[in-house]
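K.L.:
A single structure is presented below for examination.
The values are calculated or read from the model by the stated rules, or taken from the named source; none is laboratory data. What you are looking at is a predicted structure, and each value in this text was computed from that prediction instead of being measured. Methodologically, a virtual Cβ is constructed for each residue, glycine included, from the backbone with ideal geometry; neighbour enumeration extends over all protein chains shown.
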Ligand SMILES: Cc1ncc(COP(=O)(O)OP(=O)(O)O)c(N)n1
Ligand SMILES: Cc1ncsc1CCOP(=O)(O)O
């Protein structure tokens, strides 16, 4: 019986050896180790290259290739397979065989394909248009064989252009002004490609962007946008890509960026992050690694290692075509003193609010989930008045118009609400904004509206709400708290009770939101007093870190 998990997760990188260790398998090993996965390798070719040029590519014998696969699969459970350089049709075909085997034996294993065509020194490593790198006349078949077997494809715009021309009847050059329609066209011709996510990277679009000031890929000499095209993300029946946009990192050293990108993506997927979070983390990791890249030979140098993404300035901005954003541009909400969050009960009546404010709570939320409640308006009005009376921070969940009308301290909104609420109006009225997030992608998206705090959930299983996502646990919570430290106050929510309270507090979040641990307690006044005492003690000993 084949085991389905292992820790650290194993990724299999198929590609070429680069003796100068700028790119190829050497870069893959560096990135995987930096992110905490175990990198195994299947060498497809020995290359002779350095920072200046590719001198030679020597494909390995098929038997050598197969023996490497066999030795790994006889011993380990692959979490993700990353495919880089495939130097000829024979090894591409062998790869297809191994991918089919893996799909049968390890159905949870994901396949990431980085179609390496040309090294960033400008030297061709293999051709997409031929079975033989030297022959560009023979019609290409191995891409058609491989593409339906992979879950992710990560070409840059040039490679995307080559792929589209190789496998479809689109024979004119791809017009980068409409990647979307080209992608739809590709899917229409090859429905079997629908299950893959395509990340079309804008890093190489630099020079074209300089030439085309109105470039709709979004990449420019100052920004680099990677577009995710996925059948899963549709608006009005059309694939609607998400853009992951960052300031271009310009220190001139970027060898191995493509390999590193695909290996970072493979690592985050293998570590159990979902698609959007893995991509957000990948972009963040690459931005940071590029900012530290260095020269080691005579020409362009490689990316540095930089550890787990923990600097918010490297998170990408999230763009979406065809989406009505709830704000005209960037919005800014009033800042909050992080320590003022502390214990943060979330309750559904003004009676509860009064009871808790009397017990000494200073931040509370009114969360009424029935929009048809006959007393909704009255309850919101009462909750806000109680906040003024007790000098407390009362947030209103969802009903931002009423919150503005009655002068609430703040509103709390979920991710979907961000797309529909008039955030300019909320900000102009001077209300604070709290935003729910469930991972890195949503944190990146929330960052665009500069909220007063960011809520992180759900941390543990909860009975209060049906959650579509998995509980995050305190290990991830700690990572989010580190990432946001000093930039946004944080609030943890979901399944938090007396048993896990200390562990949550130790992650360094600024606020702890709870529903049932308080409302179903035999003695709510006592339990909030206990929780507040713990928070104060932690603040005093500086464990409950101030992010001010
Ligand atoms: C402090 C805090 N964090 C998260 C939530 C959840 O808000 P939302 O995602 O809008 O979901 P509902 O509360 O509307 O079910 C919250 N209310 N408070
Ligand atoms: C509203 C909400 N949002 C994420 S988890 C949650 C419910 C939290 O309730 P509890 O503290 O009872 O788990």
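K.L.:
When the residues of the stretch 484-506 are narrowed to those that are surrounded by 23 or more Cβ atoms within 10 Å (Cβ to Cβ) and in contact with a helix residue (DSSP H, G or I) (Cβ under 6 Å, 6 or more places away or on another chain), which ends up farthest from residue 414 (Cα to Cα)?
P.N.:
496
K.L.:
Of the residues 59, 19, 9, 78, which is buried (at least 19 other Cβ atoms within 10 Å of the Cβ), over 23 Å from residue 273 (Cα atoms) and touching a residue at least 12 places away in the same chain (Cβ under 8 Å)?
P.N.:
Values: 19 fails: buried (at least 19 other Cβ atoms within 10 Å of the Cβ); 9 fails: over 23 Å from residue 273 (Cα atoms); 78 fails: over 23 Å from residue 273 (Cα atoms).
That would be 59, the only listed residue that is buried (at least 19 other Cβ atoms within 10 Å of the Cβ), over 23 Å from residue 273 (Cα atoms) and touching a residue at least 12 places away in the same chain (Cβ under 8 Å).
K.L.:
Could you check the stretch 404-426 and list, in sequence order, the residues that are surrounded by fewer than 21 Cβ atoms within 10 Å (Cβ to Cβ), out of contact with any strand residue (DSSP E or B) (no Cβ under 7 Å at 6 or more places or on another chain) and at pLDDT 95 or above?
P.N.:
404, 405, 406, 407, 422, 424, 425
K.L.:
How many residues does the stretch 369-415 hold that are touching a residue at least 12 places away in the same chain (Cβ under 8 Å), within 13 Å of ligand 1 (Cβ to nearest atom), assigned to a loop (DSSP other than H, G, I, E, B) and in contact with a helix residue (DSSP H, G or I) (Cβ under 8 Å, 6 or more places away or on another chain)?
P.N.:
2
K.L.:
Taking residue 483 as meeting all but one of (1) within 17 Å of residue 318 (Cβ to Cβ); (2) in a helix (DSSP H, G or I); (3) away from ligand 2 (no atom under 16 Å from the Cβ); (4) more than 17 Å from the chain's Cα centre (by Cα), write down the number of the exception.
P.N.:
Tallying (1) within 17 Å of residue 318 (Cβ to Cβ); (2) in a helix (DSSP H, G or I); (3) away from ligand 2 (no atom under 16 Å from the Cβ); (4) more than 17 Å from the chain's Cα centre (by Cα), residue 483 fails exactly one: (4).
K.L.:
Related question: Can you go through 480, 453 and tell me which one is at pLDDT 95 or above, more than 18 Å from residue 365 (Cβ to Cβ) and surrounded by 17 or more Cβ atoms within 10 Å (Cβ to Cβ)?
P.N.:
Numbers: 453 fails: more than 18 Å from residue 365 (Cβ to Cβ).
After applying the criteria, what remains is 480.
K.L.:
Which of (1) assigned to a loop (DSSP other than H, G, I, E, B); (2) more than 15 Å from ligand 2 (Cβ to nearest atom); (3) modelled with pLDDT under 95 does residue 468 not meet, given it meets every other one?
P.N.:
Just one mismatch for residue 468, condition (2).
K.L.:
Looking at (1) under 29 Å from residue 508 (Cα atoms); (2) in contact with a strand residue (DSSP E or B) (Cβ under 9 Å, 6 or more places away or on another chain); (3) within 14 Å of ligand 1 (Cβ to nearest atom), which is the only condition residue 362 fails?
P.N.:
(3) is the only condition that residue 362 fails.
K.L.:
Select from the stretch 460-475 the residues that are within 13 Å of ligand 1 (Cβ to nearest atom) and under 18 Å from the mean Cα position of the chain (by Cα) and list them in ascending order.
P.N.:
468, 469, 472
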